[in-house]
Amino acid sequence: MEIDPFIFRLSIFILSIFIGYYVVWSVTPSLHTPLMSVTNAISSVIIVGAIIAGLAGNSDSIFNNSNIFGFLAISLAAINIFGGFLVTQRMLAMYKKKKKDK
Amino acid sequence: MFSANLSAIFYLISGVLFILALRGLSSPETSRQGNFFGILGMIIAITVTFLSIGNFSSGFIYVLIFLLVGGLIGAYIAYKIPMTAMPELVAGFHSLVGLAAVLVAISAFLNPEAFNLGVPGDIKLGSLIEMSIGAAVGAITFSGSIIAFLKLQGIMSGAPITFKGQHPLNALILISIIVLIYLLCSTQSSNLFWALLAVSFLIGFLLIIPIGGADMPVVISMLNSYSGWAAAGIGFTLENTALIITGALVGSSGAILSYIMCKGMNRSFFNVILGGFGATAQSTSSQNKEQKPVKSGNADDAAFLMKNASSVIIVPGYGMAVAQAQHALREMVDTLKKNDIKVSYAIHPVAGRMPGHMNVLLAEANVPYDEVFELEEINNDFANADVAFVIGANDVTNPVAKTDPQSPIYGMPVLDVEKCKSVLFVKRSLSPGYAGIDNDLFYKENTLMLFADAKKMTEDITKNL
């Protein structure tokens, strides 16, 4: 009997939930806003699916239905990726420690 | 080009980099490096996808164009957005993740061959379940986030919208989603797929309208969580490890944040989600207010009190964000520090409209993060402080939460502001806060009310110091 590959993916999923649980509890509360913007950015790795959808089929009929949805999804995910990482960077650059001489 | 096994390993690497990105946020020093790991993970995932498809024809150019257009819009928004608008931005971004998940699910449904899921009308059962769950959760995330965005932006009133039969209606729709998924899987009919999407969009909308403005921290965290589960659902469909790992991370991250926010208000998750909070309480409290005497003062009195203090604790709230008073506040604090007065900031977990909202605003105004403390860290210090300066916060300082079991906010952890020798309370009027209840703090002997716009008042105090 072979194990269905789905079970392996499910194992990855469940274990990742636990990793997420412990990692997120260790995030300092003052960084909760950057946490949200960066989780936003990384969840846009869904762009992987969008690219596959956009390039599906042969290249002559690139603008049939399912490709168009893929292209739109690429743009939306790209807004999130660039916007999410850059705004996180901008926020994190503002967090400064007290200067000694003050 | 790239074998499936090789790409799977690279997807795993990018998943690990995303974990490190979140891990970096455990302290501000490591956070920038963490963000870099996140970016690296994303670059790897996208590159590997291109290489594994290996189709560098005209379609590839289109992908790059759409990618660049989206990227430019995103970068433009990221640089232009004011820090006070961060909750709206995050809500807006959530809606995009949701919509992207829906679009990917649609194209997988229409063209399953491209994803190795079978042929139209005969999609593998497991994949169909996964993609319909991903699509439904994505659609809920999308429409829910749009409502949250409109409420935060002020385009839509922040007041809860409730109507008779709301909860039975929502329950009915949620059940119909499950039934639709079941029917879809047994018939593979595309009409049912569209119906599922339509119903999911509708329920996302209906779920968020009854939730009031100040409960937005919970809503945003919850939608954050949903966007993760939607991504994970699509990840299962695409058999993509990076997407499954990320979805699980984001899903649990949002869930934990919602939990922290609910605990900060001492309310159960369901109490928040069912909504209507604040609307009912308002009517009961409005009859017996503004009878008691209140001491009010001006900027001069406030400056005098603070000048003679040796330690001051500042309690910021959403009002500070609305008035954009964070820079004026920091200037006032600079002047205080020049007079050798010890100043620290106390942040309540639900201050503002999203988790960590106040911390970002203070960081923007160049307040060092080691002067900013969370509720548990600083609550004992109020008893030893001379002045508490409450700017734009209200319910989170209300001592009623500790004393009156009848109060709707009873049991909520509050900042022990009343233990200070004197309290300065900047507020525009005596009107009750979000919870719709009077704040006992207004009528305390040692409280001085400063009725003014938060920014203007802070500037005036600085002049008088």
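Each value in this text was obtained by applying a stated rule to the coordinates, not by laboratory testing. Because the structure is predicted, anything quoted here is derived from the model rather than measured. Note: ideal-geometry Cβ built from the backbone for every residue, glycine included; neighbour counts use all protein chains shown.
For B:Ile211, the amide hydrogen comes within under 5 Å of the amide hydrogens of B:Ile161, B:Gly276, counting only partners 5 or more places away or on other chains and with H modelled in the peptide plane. In chain A, helices alone account for a calculated mean residue ellipticity at 222 nm of -22500 deg cm²/dmol, with every DSSP H run of four or more residues adding -39,500 (n - 2.57).
For the pair B:Ser27 and B:Lys164, what calculated FRET efficiency results from E = 1/(1 + (r/R0)^6), where r is the Cβ-Cβ distance and R0 = 60 Å, to the nearest 0.05? Efficiency at R0 = 60 Å is approximately 0.75. How high is the FRET efficiency from B:Leu172 to B:Leu125, r the C-beta distance, R0 41 Å, rounded to 0.05? Computed FRET efficiency for B:Leu172 and B:Leu125 comes out at 0.95.
Which of the helices in chain B meet the span-like rule: DSSP H, Cα axial reach of 20 Å or more, Kyte-Doolittle mean at least 0.0?
For chain B, where a helix must reach 20 Å along its axis and average at least 0.0, the hits are B:4-23, B:28-53, B:58-80, B:86-110, B:125-153, B:166-187, B:190-208, B:216-238, B:241-265.
Normalised by the number of residues in chain B, the average gap of Cα pairs under 8 Å and 6 or more apart makes the relative contact order 14 percent. For the listed peptides B:296-304, B:252-260, B:44-52, a ranking on the average number of other beta carbons within 10 Å per residue, highest first, reads B:252-260, B:44-52, B:296-304. Add +1 for every Lys or Arg and -1 for every Asp or Glu among the other residues with Cβ under 13 Å from the Cβ of B:Lys307, and state the total. Taking every Cβ under 13 Å from that of B:Lys307, the sum is -1.
Using a cutoff of 8 angstrom between alpha carbon atoms and counting only pairs six or more residues apart, the relative contact order for segment B:90-219 works out to 32 percent. The alpha-carbon of A:Lys98 sits under 12 angstrom from the alpha-carbons of these aspartates and glutamates, leaving out residues fewer than 8 places away in its chain: B:Asp370, B:Glu371. With 23 Å as the limit on Cα-Cα distance, the pairs of A:Lys96/B:Lys337; B:Lys80/B:Lys151; B:Lys292/B:Lys402; B:Lys337/B:Lys463; B:Lys295/B:Lys337; B:Lys295/B:Lys419 that go past it are B:Lys295/B:Lys337.
Just to confirm the filter: which trypsin sites (Lys or Arg not before Pro) across segment B:66-156 are DSSP coil and have at most 11 other Cβ within 10 angstrom of their Cβ? Answer in residue order: no site qualifies.
State, as an integer percentage, the relative contact order of segment A:8-98 based on alpha-carbon contacts under 8 Å between residues 6 or more apart. In percent, rounded to a whole number, it is 31. Here the gap between B:Ser268 and B:Val179, fully extended at 0.36 nm per residue and compared with their Cα-Cα distance, gives a gain of 29.2 nm. For the segment B:40-48, counting C-beta atoms of other chains within 10 Å of every residue's C-beta and taking the mean gives 4.
What FRET efficiency comes out for B:Leu68 versus B:Ser296 if R0 is 45 angstrom and r is the Cβ-Cβ distance? Round to the nearest 0.05. In this case the efficiency is close to 0.20.
At 30 Å minimum axial length over the Cα atoms and a Kyte-Doolittle cut of 0.5, report the qualifying DSSP H helices in chain A, or say none. The qualifying helices are A:5-25, A:65-92.
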